[in-house]
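Please treat every number below as a calculation from the coordinates, not as lab data. Bear in mind the structure is a predicted one, so any value in this text is a computation, not a measurement. Cβ sites come from the backbone with ideal geometry, for glycine too, and all protein chains shown count toward neighbours.
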Amino acid sequence: MSKVRTVLGDIEKEQLGFTYSHEHLWTNPPSSQKDRDLELTDYEASVSELWRFKRAGGNALLDATTLDYGRDASKLVRMSKETGVNVVATSGFNKHIYFPKWVEALTIEEITQKLVRDVTMGMDGTDAKAGFLKSGSWNQLIHPLEEKVTRAVARAQLQTGAPIWLHTEAGTMGMEMLDILEEEGVDLTKVGVGHSDRNADPYYHLQLAERGAYVQFDGTSKIKYYPDSTRVSLIKNMIDNGHAKQLLISADMGRKCYLHAYGGGPGFEYIIKKFIPRLLDEGISQKDIDTIFVENPANWLAKF
């Protein structure tokens, strides 16, 4: 099993290339979310941003938009064909405040089968298949419905082999989410724990890594939380403690105000043009950068 499942079909993991492991190209949160800055539904703006990523040197991008957050596989297929960027989509759920009513109505097994179909048959009426599974938790707690879908995601993983990515609100509940997956029999080396840098606790990150999971820092450039100097320190902590091969880095620019093509910034170019040069300046090797942005995403995703 060494293939990555993109929206245009399976590719060898060596073909994936330089990868952002958590971004959003097309989102449409439910109307209960009043902050519409989170809505990315302008095709030309989104594909233009993807072109910027490619011109800067990007090869692959994971779109983490879920069933409950307005995923549209047909748009992802079109963008991938237009730009030549490898786009990997997800099946699963964000957090309980967005869940559709059927999550409560269906059994865990029924939800599991929906996820399996997305990975093995196609999403949203297309033949584009999901390349990873997603579940999420709330801030400092796991809502009962979040536990329900996390168990469904775990069971879908066991049936399909697809890797799992976890949304952790404010970087909390990562260890507890891993506990649920482990109870269900999931190999934690197939799991990525997202938003971990929102909880800027080096000890916590090492705890996650020591269980075998990938640790994702996806707040790059978001100074509203803290400066990138903190993220650099967190990255060095992981590398210095022997966990470079379990680190994923992205920027999760899922707002209009983050993307150039929607009138914001710093945009998809930021990591390549500014953050990586800073990492090099601060003593992180090109070898470790290649590990983080090329080898790790490919190794994590190559489960087909």
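Below, the figures for the structure above:
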quantity	calculated
Matching entry among LEU248, LEU208 (being touching a Phe, Trp or Tyr at 6+ places or on another chain (Cβ under 7 Å) and of a type in the set (A, V, I, L, M))	LEU248
Test: residue in segment 106-128 that is of a type in the set (Gly, Ala, Ser) and in contact (Cβ under 8 Å) with a residue 60 or more places away in the chain	yes
Scope segment 12-40; condition surrounded by fewer than 18 Cβ atoms within 10 Å (Cβ to Cβ) and outside any loop (DSSP other than H, G, I, E, B); matching residues	GLU12, GLU14, GLN15, ARG36, ASP37, LEU38
Filtered residues of segment 212-226 (kept if buried (at least 18 other Cβ atoms within 10 Å of the Cβ), more than 13 Å from the chain's Cα centre (by Cα) and farther than 14 Å from ALA251 by Cα)	ALA213
Subset of segment 235-252 [more than 18 Å from ASN299 (Cα to Cα) and in contact with a strand residue (DSSP E or B) (Cβ under 6 Å, 6 or more places away or on another chain)]	ASP252
Enumeration of residues in segment 1-11 that are part of a loop (DSSP other than H, G, I, E, B) and either of a type in the set (Gly, Ala, Ser) or exposed (fewer than 15 other Cβ atoms within 10 Å of the Cβ) (or both)	MET1, SER2
Number of the condition not met by TRP165 [criteria: (1) farther than 25 Å from THR120 by Cα; (2) in a strand (DSSP E or B)]	(1)
Qualifying residue in segment 134-141 (condition: in a loop (DSSP other than H, G, I, E, B) and either of a type outside the set (Lys, Arg) or crowded, with 22+ Cβ neighbours inside 10 Å (or both))	yes
Residue pairs meeting the criteria (Cβ under 6 Å; at least 6 apart or on separate chains; first surrounded by fewer than 23 Cβ atoms within 10 Å (Cβ to Cβ), in segment 194-209; second assigned to a helix (DSSP H, G or I))	HIS195/GLY171; ARG198/ALA170; ARG198/GLY171; ASN199/GLY171; ALA200/THR230; PRO202/ASN237; ALA209/GLN246
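Residue-wise test of (1) out of contact with any strand residue (DSSP E or B) (no Cβ under 7 Å at 6 or more places or on another chain); (2) under 18 Å from THR27 (Cα atoms); (3) not in a helix (DSSP H, G or I).
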{"site": "GLU82", "(1), (2), (3)": "yes, no, no"}
{"site": "VAL87", "(1), (2), (3)": "no, yes, yes"}
{"site": "VAL103", "(1), (2), (3)": "yes, no, no"}
{"site": "LYS114", "(1), (2), (3)": "yes, no, no"}
{"site": "GLY122", "(1), (2), (3)": "yes, no, yes"}
{"site": "THR126", "(1), (2), (3)": "yes, yes, yes"}
